[in-house]
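Enquirer: First, the structure itself, so that you have it in front of you.
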């Protein structure tokens with residue numbers, strides 16, 4: 001990943017955080033950014049203090065906070081546990097929880113569900129179903145928590161199966177931190193950022209915080225329009 005190193009751009013955006021006249025769009029990845037990576041993905045609750053911090057940020061009418069995740073949107077909402085309603089793009093953008101709390105889902109091509117079912121059948125036959133996460137718009141294969149040798153072996157087997165079943169221009173498979181997944185082409189965090197940029201005016205200060213390979217699409221889409229920040233534990 002590349003980190004933006006323009007001191008001028010950094011100073012400009014940092015000053016804007018305290019400017020009471022500036023509107024701000026704050027886009028945040030979930031896993032690895034707001035919450036730690038854990039073996040049981042259903043227990044990936046936010047870092048201590050994050051829910052309260054998000055509530056405080058959302059309290060300002062000048063701040064628009066949007067969570068952008070590969071998880072299903074409802075799952076993120078449950079894990080976050082904050083008081084305010086918050087916009088969430090889930091499943092790499094194929095789902096969206098609106099500001100009023102309603103959920104919208106993109107229509108998926110028939111080929112997608114057929115492919116996802118075929119991969120799930122393979123995982124079942126291999127007794128690997130616990131590693132599977134079937135979401136709207138994608139199916140992910142997780143190896144987090146395994147020793148390096150076992151993880152590498154299973155990832156190789158999963159990728160070989162994906163090569164076999166992912167056919168045509170509508171689907172693709174990509175690695176992420178801790179696994180690999182099949183998803184619909186064009187459903188990624190870059191598309192989400194593009195959608196959000198179209199919804200704000202040119203004077204809005206835009207930030208994207210992310211940590212994973214899947215956030216690269218978002219960083220590229222944001223480009224010089226805002227500030228991309230790579231989150232890493234130290």
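Enquirer: Anything in the range 175-195 that is within 16 Å of residue 91 (Cβ to Cβ), in contact (Cβ under 8 Å) with a residue 24 or more places away in the chain and not in a strand (DSSP E or B)? List them, or say none.
Expert: 187, 188, 189, 190, 191, 192, 193, 195
Enquirer: Does residue 92 fit the bill of being surrounded by 13 or more Cβ atoms within 10 Å (Cβ to Cβ), assigned by TED's automatic domain parsing to the domain that holds residue 175, within 16 Å of residue 173 (Cα to Cα) and in contact with a helix residue (DSSP H, G or I) (Cβ under 8 Å, 6 or more places away or on another chain)?
Expert: Answer is no for this residue.
Enquirer: So is residue 217 under 25 Å from residue 29 (Cβ atoms), out of contact with any strand residue (DSSP E or B) (no Cβ under 8 Å at 6 or more places or on another chain), crowded, with 20+ Cβ neighbours inside 10 Å and without any contact (Cβ under 8 Å) to a residue 60 or more places away in the chain or not? It would help to see each step written out before you state the result.
Expert: Details: under 25 Å from residue 29 (Cβ atoms): yes; out of contact with any strand residue (DSSP E or B) (no Cβ under 8 Å at 6 or more places or on another chain): yes; crowded, with 20+ Cβ neighbours inside 10 Å: yes; without any contact (Cβ under 8 Å) to a residue 60 or more places away in the chain: yes.
The answer is yes for residue 217.
Enquirer: For the subset of the range 199-214 comprising residues that are within 14 Å of residue 32 (Cα to Cα) and modelled with pLDDT of 90 or more, which member is surrounded by the fewest Cβ atoms within 10 Å (Cβ to Cβ)?
Expert: The qualifying residue surrounded by the fewest Cβ atoms within 10 Å (Cβ to Cβ) is 209.
Enquirer: With 74, 83 as the choices, which residue is in contact (Cβ under 8 Å) with a residue 24 or more places away in the chain, part of a loop (DSSP other than H, G, I, E, B) and in the same structural domain as residue 211 (by TED's automatic domain parsing)? Break it down into steps so the answer makes sense when it comes.
Expert: Numbers: 74 fails: part of a loop (DSSP other than H, G, I, E, B).
Being in contact (Cβ under 8 Å) with a residue 24 or more places away in the chain, part of a loop (DSSP other than H, G, I, E, B) and in the same structural domain as residue 211 (by TED's automatic domain parsing) holds for just one of 74, 83, which is 83.
Enquirer: Could you list, in sequence order, the residues of the range 16-39 that are over 21 Å from residue 95 (Cβ atoms) and surrounded by 20 or more Cβ atoms within 10 Å (Cβ to Cβ)?
Expert: Of everything in the range 16-39, just one residue is over 21 Å from residue 95 (Cβ atoms) and surrounded by 20 or more Cβ atoms within 10 Å (Cβ to Cβ), namely 24.
Enquirer: Could I ask something else about it? Looking only at the range 40-63, which residues are closer than 26 Å to residue 133 by Cβ and either surrounded by 17 or more Cβ atoms within 10 Å (Cβ to Cβ) or touching a strand residue (DSSP E or B) at 6+ places or on another chain (Cβ under 9 Å) (or both)?
Expert: Scanning the range 40-63 gives 41, 44, 45, 46, 47, 50, 51, 54.
Enquirer: While we're here: Can you tell me how many residues within the range 1-25 are closer than 11 Å to residue 210 by Cα and modelled with pLDDT of 80 or more?
Expert: Result for the range 1-25: 0.
The values are calculated or read from the model by the stated rules, or taken from the named source; none is laboratory data. What you are looking at is a predicted structure, and each value in this text was computed from that prediction instead of being measured. Positions of Cβ are backbone-derived with ideal geometry, glycine not excepted, and every protein chain shown enters the neighbour counts.
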